[in-house]
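Take a look at the structure set out below.
Please treat every number below as a calculation from the coordinates, not as lab data. The shown structure was predicted, so the numbers you read here are calculated from the model rather than taken from an experiment. Here Cβ is always computed from backbone atoms with ideal geometry, including for glycine, and neighbour counts include all displayed protein chains.
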Amino acid sequence: MKKTVLLFSIALLLAFSFRVHSQGIPNLGQTDQWMKGALAAMERNDYQTANQIFRNLIDSGLPLPNEMPYYFALTLYELGQYDNSSNFLNKYFDLNGFNGENYDLAKNLQEDLKAPIAEIKACQLCDNKGYRWETCPTCSGSKQIQQDCSYCRGVGVVGCSRCAGKGLITKRNIFNIVEYFECDRCSGKGRLDCPTCNGSLKEVSDCKTCRGLGYLSGEIICDHKEHDHSSEK
């Protein structure tokens with residue numbers, strides 16, 4: 001009997017240990033592999049590959065090595081993604097303070113980022129992350145566009161507020177008897193033409209895609225220079 005209980009206890013312990021190992025303990029081996037792969041890519045100046053590996057590591061949800069934010073910040077700097085580089089560099093300082101292995105290099109990178117960050121803030125051709133503005137494809141830069149009426153939602157009519165959409169209004173006469181009358185505002189229809197689109201179902205208003213700006217953030221990193229497209233026509 002004791003032997004049976006002991007075997008059963010061992011089986012439960014092994015099952016619990018397997019569950020904890022498979023679900024609760026982070027896969028640090030995978031983290032090391034990703035870090036080695038990213039650093040190897042940086043060594044050969046393949047920052048696009050390093051960028052993708054670092055992003056895979058972040059998306060994995062695994063614990064990040066303390067020095068990873070510095071290496072990712074350096075990778076982003078080399079790719080011209082200066083705003084994002086600055087964000088990860090700040091994360092590195094938050095995590096490590098003065099104790100980071102790459103603290104001095106991180107401070108140098110912080111200095112290197114000042115000039116490009118200042119250019120981004122002063123530039124009118126890009127957003128605050130350094131990506132060049134692109135003409136809105138919906139309104140072609142005109143800022144306004146004819147689109148479905150936002151007030152009646154493209155129906156063309158709205159309910160009459162005087163009769164609550166019933167077409168009739170009630171009044172009590174001098175004998176306190178309720179009498180029904182056709183609503184003079186909607187002529188008994190219970191509805192009115194939409195005051196915004198006048199029943200046309202459309203309205204000219206700020207483009208919803210770009211919110212009336214005429215442009216959107218693009219995917220091209222801005223070089224802060226005006227481009228002459230006349231030769232492309």
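Data overview
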read-out: Dipole magnitude of segment 65-172 about its Cα centre (Cβ charges: Lys, Arg +1; Asp, Glu -1), debye to nearest 20; value: 1620
read-out: Computed label-point distance, nm, for sites ILE117 and GLN30 using a 7 Å Cα→Cβ extension; value: 3.3
read-out: Neighbourhood net charge (12 Å Cβ-Cβ; Lys/Arg +1, Asp/Glu -1) for ALA164; value: +4
read-out: Spin-label model distance (nm) - PHE181 vs TYR103, 7 Å beyond Cα toward Cβ; value: 8.5
read-out: Sites THR49 and SER200, calculated FRET efficiency, Cβ-Cβ separation with R0 45 Å, nearest 0.05; value: 0.25
read-out: Net charge of Cβ neighbours under 12 Å - reference GLU67; Lys, Arg +1; Asp, Glu -1; value: 0
read-out: Binned Cα-Cα distances of segment 65-171, short to long, each 5 Å bin given as a whole percent; value: 2, 10, 14, 11, 9, 7, 6, 6, 6, 6, 6, 5, 5, 4, 2, 1, 0
read-out: C-alpha center-to-center spacing [segment 195-216, segment 88-142] in angstrom; value: 34
read-out: Extreme residue, positive dipole direction of segment 144-221, given options ILE145, GLY167, CYS210 (C-beta unit charges); value: GLY167
read-out: Choice from THR196, THR170, THR135 with maximal GNM fluctuation in the chain (Cα, 10 Å cutoff); value: THR170
read-out: Restraint check, LYS166/LYS202; LYS36/LYS129; LYS114/LYS225, Cα-Cα greater than 23 Å; value: LYS166/LYS202; LYS36/LYS129
read-out: Surface/4 of the Cα convex hull for segment 40-97, nm²; value: 3.7
read-out: Segment 144-221, relative contact order [Cα under 8 Å, separation at least 6], %; value: 39
read-out: Computed over the chain: relative contact order in percent, which uses C-alpha pairs under 8 Å that are six or more apart; value: 17
read-out: Label selected from (i) 18.9, 67; (ii) 32.6, 100; (iii) 17.0, 52, the criterion being Rg and Dmax of the Cα atoms in Å as computed here; value: (ii)
read-out: Sorted by Cβ density within 10 Å, fewest first, the residues ARG172, ARG185, ARG132; value: ARG172, ARG185, ARG132
read-out: Of LEU76, LEU168, LEU109, the one that fluctuates the most in a GNM where the chain has Cα springs shorter than 10 Å; value: LEU168
read-out: Peptides ranked, highest mean first, by Cβ atoms within 10 Å: ranges 64-75, 96-107; value: 64-75, 96-107
read-out: Cα principal axis extents for segment 144-221, largest first, Å; value: 79, 20, 12
